[in-house]
1. For a quick check: sort 277, 185 by the number of other beta carbons within 10 angstrom, fewest at the front.
2. Which whole-number percentage describes the relative contact order of region 56-211, with Cα contacts under 8 Å and a sequence gap of 6 or more?
3. Just the number, please: percent antiparallel of the DSSP beta bridges in the chain, rounded to the nearest 5.
4. Order these peptides, 163-170, 151-158, by their mean beta-carbon neighbour count within 10 angstrom, highest first.
5. Mean separation of Cα pairs under 8 Å and 6+ residues apart, divided by the residue count of region 216-346: what relative contact order is that in percent?
6. Of all DSSP beta bridges located in region 32-170, what percent are antiparallel, nearest 5?
7. Over the chain, what relative contact order in percent results from Cα pairs under 8 Å that are six or more residues apart?
8. Under 1.5 on a/c is rounded, so check that first for the chain, then, if it is not, pick prolate when a/b is larger than b/c and oblate when it is not; a ≥ b ≥ c are the square roots of the alpha carbon gyration tensor eigenvalues.
Ligand SMILES: *Cc1c(COP(=O)(O)O)cnc(C)c1O
């Protein structure tokens, strides 16, 4: 059994993907070819925003957003304490300071109450100027945008939506990657919409930011490539990756999102009475980057993982440390207990195999083994 079976997906989509790759090579436009433009237009339409600017990976997409906002030293960015490292890393890379906000134990996403407390504390300490809230749509579920947007407005902060895991999710029909003032996603292979290497994209309705990000991703270009009006980066999407993403995006919309939601629903039906299963609030739709259980303790979690492994079932711990617990951030001086929920999750979560091509038999086998272990 595979944790996320990308080979099976390739077997199904092979004719279209192979043709896309061969056409891209034959065209000779290896970087930012016509497939890149086509993909950007299709993604912008799907998400429901004016601009999609593709780039080299999700981390760069976050960086491009922060650069276009001129984030700098002395400014604070509020990030959830329970996420992939890159969400905070890009803030530090720009010289600003991440402030770690605890998360909600039902949704794994940033807790709006903890967020407002962190903003107030930062203001009253007076050392850092609050600028941005980076929300993460963790495991495919959009963050609590209704509540977080209110807080952003109240304190005049920008929202950067880190939708690296969230592409395809929605709240009341409004799509993930449309909730931020700028939003991003990643096409890393194992993300909900993945390519066959690295890739990413930035989304925004703001013309000025979109233009600027378009410049920043090509060495700060001006009216043409060798007119450089600002310091930028080299962060473009390869034509081959766009050619791979186009048929994968069609499958994603046509059936993969539905199928992965059916898989998640079957897991929940089988497991809800034996273990804490993921909560999808009313009106929310997840793209299930992960299906994550919360066990009672680290011992129980580690025991379950070992038991599954013996049965040939892969599982993963996303994430084994809260961000404030990472060595890279030891100088920020956070203490144990600063984010009780994130710390508990790091000890107790376990993600099960899930992808659009998983069979009911596999889900039943995994569920049976989880139940047997816990009984
Ligand atoms: C994967 C991921 C990123 C980084 O994306 P890359 O394409 O790997 O650079 C950023 N944030 C979150 C939440 C992620 O899961």
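Every read-out reported here was derived from the displayed coordinates using simple, explicitly stated rules and does not represent laboratory data. This is a predicted model, so every value here is computed, not measured. Cβ sites come from the backbone with ideal geometry, for glycine too, and all protein chains shown count toward neighbours.
1. Numbers: 277 19, 185 30.
So the residues, fewest neighbours to most, are 277, 185.
2. Value for region 56-211: 23 percent.
3. Given both bridge residues lie in the chain, the antiparallel proportion sits at roughly 60 percent.
4. The densest-packed peptide leads the list: 163-170, 151-158.
5. With pairs under 8 Å counted, the relative contact order is 12 percent.
6. Taking every DSSP beta bridge within region 32-170, about 5 percent pair in antiparallel fashion.
7. Across the chain, relative contact order equals 21 percent.
8. Oblate, since a/c reaches 1.5 and b/c is not below a/b.
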